[in-house]
Amino acid sequence: MGSEADFLGKDIKDKAVVIYSFFVPGGRSHSASTRAKLFYANERASAKGASLIINIMGVPGDGMFAGGAFHGTSGKPTTSYDAPVITISQDEGFMLRDLSLIHI
């Protein structure tokens, strides 16, 4: 989820961070984003030195999502974070988990 407690005792500098995120009411934002004002997980991961942030959207199926890195930027990467952010579907997230040693 990417709350402060999730990062306790973990050195994520120069590592990829996988964050499970979910839509907030209204559907225009998700829990990892700064705009949702919940966990600030993407911002926190960037500030702690992550080299890549992967948001897994907690929605069943294999939907397509516009990544946080391009939200409101006319397709140009945002300068909000020091790490690139990609957003993948729940199915893709499960596949990532099953094919790697990543614990989601």
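Only the coordinates and a few stated rules stand behind these numbers; no lab work does. Predicted model, so just to flag it, every value in this text is computed and none were measured. Positions of Cβ are backbone-derived with ideal geometry, glycine not excepted, and every protein chain shown enters the neighbour counts.
Listed by chain and number, the aspartates and glutamates placed with their C-alpha closer than 19 angstrom to that of Lys10 are Glu43, Asp82; residues fewer than eight positions away on the same chain are left out.
Filter the chymotrypsin sites (Phe, Trp or Tyr not before Pro) in the stretch 8-45 to those in DSSP coil with at most 16 other Cβ atoms within 10 Å of their Cβ, and list the result.
On the way: sites: Tyr20, Phe22, Phe23, Phe39, Tyr40; in loops: Phe22, Phe39, Tyr40.
In loop regions of the stretch 8-45 (DSSP not H, G, I, E or B), the sparsely surrounded chymotrypsin sites (Phe, Trp or Tyr not before Pro) are Phe22.
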